[in-house]
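The values are calculated or read from the model by the stated rules, or taken from the named source; none is laboratory data. If you're wondering where the values come from, they're calculated on a predicted model, not measured in any experiment. Please note: Cβ atoms are built from the backbone with ideal geometry, for glycine as well, and neighbour counts cover all protein chains shown.
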Amino acid sequence: MDNLTLLADGFGAVLTPENLLFCAIGVLLGTFVGVLPGIGPAMAVALLLPVTFGMDPVPAFIMFAGIYYGGMYGGSTTSILLNTPGESASVMTALEGNLMARAGRAAQALATAAIGSFIAGTIGTMLVVFFAPALASVAVQIGAPTYFALMVLAMIMVTSVLGGSPLRGFIALFLGLTIGLVGLDLNTGQPRLSFDQPLLADRIDVVVVAVGIFALGEALWVAAHLRRSPLHVIPVGRPWMDRTDLRRSWGPWLRGTAYGFPFGALPAGGAEIPTFLSYLTEKRIAKRKGVDEFGKGAIEGVAGPEAANNASAAGTFVPLLALGLPVTATSAVMLAALQGYGIEPGPGLMTDQPELVWALLASLLVGNALLLVLNLPLAPVWAKLLRIPRPQLYAGILFFAALGAYAANLQAFDLFLLVLLGLLGLAMRRFGLPVLPLILGVILGPLMEFRLREAMAISGGDVAGLWSEPLAVVVYVVVAIAVTAPFVFRRVRPAPSAVLEEPGTPAQDQEKVR
Amino acid sequence: MSEQAVTTIVVGWSPDDFGEAALSRAVEEARLRSGRVVVVNATRGDALVDDRYADEEQLARLTADLADTGLEVDVRRSMGGDVGDQVLDVAADVSADLVVIGLRRRSPVGKLLMGSVAQRILLGADCAVLAVKPPH
């Protein structure tokens, strides 16, 4: 059990007072941003990027891991108590969770969500411990063509399969790829899209893009919709559950984990599909048992999707650590943080930076446990956060956004770029363009170009070099299936959206990216 | 009697003790003067949650309670920059003879930070303002 020894070393690194403190800060901060709809862990990590460049990579990533899991957890609190799922992954939790809360069972709903998240997150992280090194040891042998194909796969899946509209997804993706192209060509030294501006030739800093799109774009969007009819939060005490709830929850927890992890671990990511599948499964099982409380607040309908959600979040660490492929906005920004430390993400990460990787995995487990300990008693406090007036909240975010964008390079020009990108973020929200493909394009685009150039150099400029490896061909076949399958299904069966729109699906007026 | 002659009492209401205290006093006054009551429930609408803005259920209960009094009642809800200004706007609109508000205890520092709806109404109203406190 080599992996377990390494994980134990990771625990040794995490369980110092200083690192535990960073883990706790990350978890609290993550829950804070997760509870508030509209701002999420991706924005929090982006805002913290400049701060962490002064720190060692290990504590920085321990904090990021805490933010990631904390954000997942915080989102479920809001969906249960307020019926406003901040992210698409929480939509299913909100369905039954809010009904439970209305029926006076908010405490049980929060408890099953918290414990389910903990169990799914722990199992998921343990699976990462075993899968990621195995995948990485295979991945070091794959060549540039396969690598390029995998990146194409990740982008296509995230863009066309996950979002509601493939067209909007691709517009966002190409915007991101274009932003990623700005600057000097690393191979030839030619300036691209720099409009003769020496500052642009230096490439646009990822921090500025992430902060501009996430923080400034969101702040402008909120400012444009400042006054909205306030909601009532359902009062809740300390979450708890009795033996009956526990007996009804453990099955959904485990099944949800089984759905969530594979979807997260595929370079497609996304928690929408597994949470939906988990919800349907639990509903069917409940019906067969004859205790169908769905539609009246069934605890199974909270336990299953919430576990699937967190298992999928854990699963996304497999492609991130083993292949350097991020599939959620938060992991994309974390990848940018790795690059900021001069660490090359990819299959070599596990062998080049073992301390960092295993400390990160150990901190995921520690953070998960901390979340459970902190959140069960603190739920009423988190609910109070929803009373913060938007002007005060976003003033704070704008302050940190401007500070972060300036601190990245100490250039006033970056603030100008920040405003431009903020306006772009606002326009994207206005026209319903998803943010995730853009940020993926910005961060993955240059890496992808590097692999493309490498593959072309090997083949001497022959395009056929791109499918010279058998694995690359397999990946392209998967891409082709992923692109065509939705069209075929739509022909054969009615649009899946007809099934997805269950009565009472809460309206989503904002999109939060993980 | 013409419409203008009826005494109009505006009450700043919220679904809590302060709102209830103000409302019951306003109803009392309206009975004494055989006037009408205009209930204002306002919010800044800039936070996700505002417990002082009534939801449908609380509004239905309010309407039912007021129907029992047999008085002429008007319930208005609004959203804008300042809750005090919204109450004053309604008071000006219906040319109120009296504004009734619930007063909460607040420390000087708390008032400095949070501002005061009551102070805004007291200073800005053209008519008499009656401030009541809920019973302990």
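Go through the stretch A:384-426 and give me each residue that's under 25 Å from B:T43 (Cα atoms), buried (at least 21 other Cβ atoms within 10 Å of the Cβ) and modelled with pLDDT of 90 or more.
Result: A:Y394, A:I397.
Of everything in the stretch A:420-478, what is of a type in the set (D, E, K, R) and in contact with a Pro (Cβ under 6 Å, 6 or more places away or on another chain)? Give them in sequence order. Break it down into steps so the answer makes sense when it comes.
Restricting attention to the stretch A:420-478, the residues satisfying the condition of being of a type in the set (D, E, K, R) are A:429-430, A:449, A:451, A:453-454, A:462, A:469.
Listed by number, the list holds a single entry, A:E469.
So for the stretch A:12-24 (the condition being touching a residue at least 60 places away in the same chain (Cβ under 8 Å) and closer than 30 Å to A:D245 by Cα), does at least one residue qualify?
yes
Filter the stretch A:97-123 for residues that are closer than 19 Å to A:L378 by Cβ, of a type in the set (S, T, Y) and within 19 Å of the chain's Cα centre (by Cα) and give the result.
The answer is A:S117, and nothing else.
Output the number of residues of the stretch A:227-251 satisfying the condition of being of a type in the set (S, T, N, Q) and more than 10 Å from chain B (Cβ to nearest Cβ). Quick ask: steps written out before the conclusion?
We begin by selecting, within the stretch A:227-251, every residue of a type in the set (S, T, N, Q); these are A:229, A:244, A:249.
Then keep just the ones that are more than 10 Å from chain B (Cβ to nearest Cβ); that gives A:244, A:249.
So the count comes out to 2.
Any residue at all in the stretch B:124-132 that is in contact with a Gly (Cβ under 8 Å, 6 or more places away or on another chain), at pLDDT 85 or above, closer than 12 Å to B:A42 by Cβ and not in a loop (DSSP other than H, G, I, E, B)?
Step one: filter the stretch B:124-132 for residues in contact with a Gly (Cβ under 8 Å, 6 or more places away or on another chain), giving B:124, B:131-132.
Still in the list and also at pLDDT 85 or above: B:124, B:131-132.
This time we only want the ones that are closer than 12 Å to B:A42 by Cβ, so: none.
Checked the stretch B:124-132: no residue is in contact with a Gly (Cβ under 8 Å, 6 or more places away or on another chain), at pLDDT 85 or above, closer than 12 Å to B:A42 by Cβ and not in a loop (DSSP other than H, G, I, E, B).
In the stretch B:56-97, which residues are more than 25 Å from A:R227 (Cβ to Cβ) and in contact with a Leu (Cβ under 7 Å, 6 or more places away or on another chain)?
B:V73 - this is the single residue of the stretch B:56-97 that is more than 25 Å from A:R227 (Cβ to Cβ) and in contact with a Leu (Cβ under 7 Å, 6 or more places away or on another chain).
Kindly establish whether A:R451 is charged (D, E, K, R), more than 14 Å from every other protein chain (Cβ to nearest Cβ) and in contact with a helix residue (DSSP H, G or I) (Cβ under 9 Å, 6 or more places away or on another chain). Steps first, answer last, please.
Working: charged (D, E, K, R): yes; more than 14 Å from every other protein chain (Cβ to nearest Cβ): yes; in contact with a helix residue (DSSP H, G or I) (Cβ under 9 Å, 6 or more places away or on another chain): yes.
Criteria met by A:R451.
Among the residues that make up the stretch A:82-96, is at least one of them surrounded by fewer than 24 Cβ atoms within 10 Å (Cβ to Cβ), of a type in the set (G, A, S) and either closer than 16 Å to A:P262 by Cα or within 19 Å of the chain's Cα centre (by Cα) (or both)?
Yes: the stretch A:82-96 contains one or more residues that are surrounded by fewer than 24 Cβ atoms within 10 Å (Cβ to Cβ), of a type in the set (G, A, S) and either closer than 16 Å to A:P262 by Cα or within 19 Å of the chain's Cα centre (by Cα) (or both).
Only one of (1) farther than 25 Å from A:A395 by Cβ; (2) among the aliphatic types (A, V, I, L, M); (3) crowded, with 24+ Cβ neighbours inside 10 Å; (4) over 14 Å from the mean Cα position of the chain (by Cα) fails for A:V35. Which number is that?
Failing condition for A:V35: (1).
Inside the stretch A:191-226, can you point out the residues that are exposed (fewer than 14 other Cβ atoms within 10 Å of the Cβ), within 14 Å of chain B (Cβ to nearest Cβ) and more than 24 Å from A:A407 (Cβ to Cβ)?
A:A224, A:H225
Collect the residues in the stretch A:331-369 that are polar (S, T, N, Q) and part of a helix (DSSP H, G or I), keeping them in residue-number order.
Result: A:S331, A:Q339, A:T351, A:S363, A:N368.
Do any residues in the stretch A:378-402 that are within 14 Å of chain B (Cβ to nearest Cβ) and of a type in the set (F, W, Y) have Cβ atoms under 7 Å from those of residues that are buried (at least 19 other Cβ atoms within 10 Å of the Cβ) and assigned to a helix (DSSP H, G or I), where the two are at least six apart or on different chains, and which pairs are they?
Qualifying pairs under 7 Å: A:W382/A:T31; A:W382/A:V35; A:W382/A:G74; A:W382/A:T77; A:Y394/A:A219; A:Y394/A:V222.
Tell me, which strands (runs of 3 or more DSSP E) wholly within the stretch B:1-120 include 1 or more residues that are at pLDDT below 90 and either away from every other protein chain (no Cβ under 14 Å) or closer than 24 Å to A:P235 by Cα (or both)? Please lay out each step first, then the result.
Details: elements: B:8-12, B:36-43, B:73-79, B:98-102.
Once the strands (runs of 3 or more DSSP E) in the stretch B:1-120 are filtered for at least 1 residues that are at pLDDT below 90 and either away from every other protein chain (no Cβ under 14 Å) or closer than 24 Å to A:P235 by Cα (or both), what remains is B:36-43, B:73-79, B:98-102.
Please specify each residue of the stretch A:329-347 satisfying the condition of being more than 18 Å from A:A154 (Cβ to Cβ) and surrounded by fewer than 20 Cβ atoms within 10 Å (Cβ to Cβ). Don't jump to the end; show me each part of the working.
Within the stretch A:329-347, the first condition is being more than 18 Å from A:A154 (Cβ to Cβ), and the residues that meet it are A:337, A:340-343.
Answer for the stretch A:329-347, where residues must be more than 18 Å from A:A154 (Cβ to Cβ) and surrounded by fewer than 20 Cβ atoms within 10 Å (Cβ to Cβ): A:G340, A:Y341, A:G342, A:I343.
Would you mind finding the one in A:A322, A:A311 that is of a type in the set (A, V, I, L, M), at pLDDT 90 or above and either assigned to a helix (DSSP H, G or I) or surrounded by 24 or more Cβ atoms within 10 Å (Cβ to Cβ) (or both)?
Numbers: A:A322 fails: at pLDDT 90 or above.
Only one candidate qualifies: A:A311.
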